[in-house]
1. Tell me the relative contact order for region 1-43 as a rounded percent, counting alpha carbon contacts under 8 Å between residues six or more apart.
2. At what distance in nm do the modelled label points of residue 91 and residue 131 sit from each other, each positioned 7 Å from its Cα along Cα→Cβ?
3. With 17 Å as the cut-off, how large is the P(r) tail for region 1-43, expressed as percent of Cα-Cα pairs?
4. Which whole-number percent gives the relative contact order of region 9-140, counting Cα pairs below 8 Å spaced six or more residues apart?
5. So if each residue of separation counts as 0.36 nm, and I subtract the Cα-Cα distance between residue 9 and residue 36, what length gain in nm does that give?
6. Skip the ligands, DNA and RNA, and give the accessible area per residue of region 1-43 with a 1.4 Å probe, whole Å².
7. Taking Rh as the Kirkwood radius computed over C-alpha pairs, what is the Stokes-Einstein D of region 75-152 at 20 °C in a medium of viscosity 1.002 mPa s, expressed in µm² per second?
8. Give me the percent of the accessible area of region 1-43 that comes from carbon and sulfur atoms, probe 1.4 Å, all protein chains in place.
Amino acid sequence: MNAQLVTARQLGLVSCHDCRLLIDAQQVDTHPHCPRCGAHLHLRKPNSLARTWALVWAALICLVPANLLPMTITTALGTKQADTIMSGVIYFMQSGSWEVATVIFVASIFVPCAKLLILIYLLLSVRFRSAWRPRDRTVLYRLTELVGRWSMVDIYVVTILVALVRLGAVAAIEAGPAAVYFAAVVVITMFAAESFDPRLIWDVVEEDV
């Protein structure tokens, strides 16, 4: 016998976002907090799409100066040189350090752009009520949520360089204004991924059944 699959929502249950405890939906009105961890309970994250769109647009705005403004400003023998993220990647490629160039390009350019594109795709798919391959879209969301914190590699490199080079008297490296915008992009995209509710992907599939 093939039993028809049912969801927790169809059974009148609510899942806690923090500890994943299943709770009777009727108890949410009287006790809106999880009895195990105390987190606030709701069937779906409130205003998930609107908040995620706002954060995505904010990240897109910050992404422009993060790539156009200098990430590092090097002072050596009275001369200053400002380098953006891409110019740093090109410098390491020309100097033969392909590994370092690859790490910086992936962590500082590819990953933030890919995260934003995936979030936009997920938002549009939910907006237009797409039922196409919900499992794969959920995997995309989980990957976006997982790799968010590793986008700060470029900031870590700049911080280490500033700390090391300032120990010398010949040259000095300072973090440029792009570092602030880039850190903002990383933090905002992490909040955007957190505010998106992946269960919205499956609601359309559930309604079509």
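1. Values: 49 pairs, mean separation 14.6, N = 43.
Dividing the mean separation by the residue count of region 1-43 yields 34 percent.
2. About 5.5 nm separates the two model spin labels.
3. Working: 278 of 903 pairs.
Within region 1-43, distances greater than 17 Å cover 31 percent of Cα pairs.
4. Details: 95 pairs, mean separation 18.2, N = 132.
About 14 percent, as a whole number.
5. 7.8 nm
6. Values: 3370 Å² over 43 residues.
That works out to 78 Å² per residue.
7. Details: Rh = 15.0 Å.
Approximately 143 µm²/s, per Stokes-Einstein.
8. Numbers: 1820 of 3370 Å².
Carbon and sulfur: 54 percent of the exposed surface of region 1-43.
The values are calculated or read from the model by the stated rules, or taken from the named source; none is laboratory data. All values reported here derive from a predicted model rather than from experimental measurement. Neighbour counts run over all protein chains shown; Cβ positions are idealised from the backbone, glycine included. Accessible surface areas use protein heavy atoms only, side chains included; no ligands, DNA or RNA. Shrake-Rupley method; radii C 1.70, N 1.55, O 1.52, S 1.80 Å.
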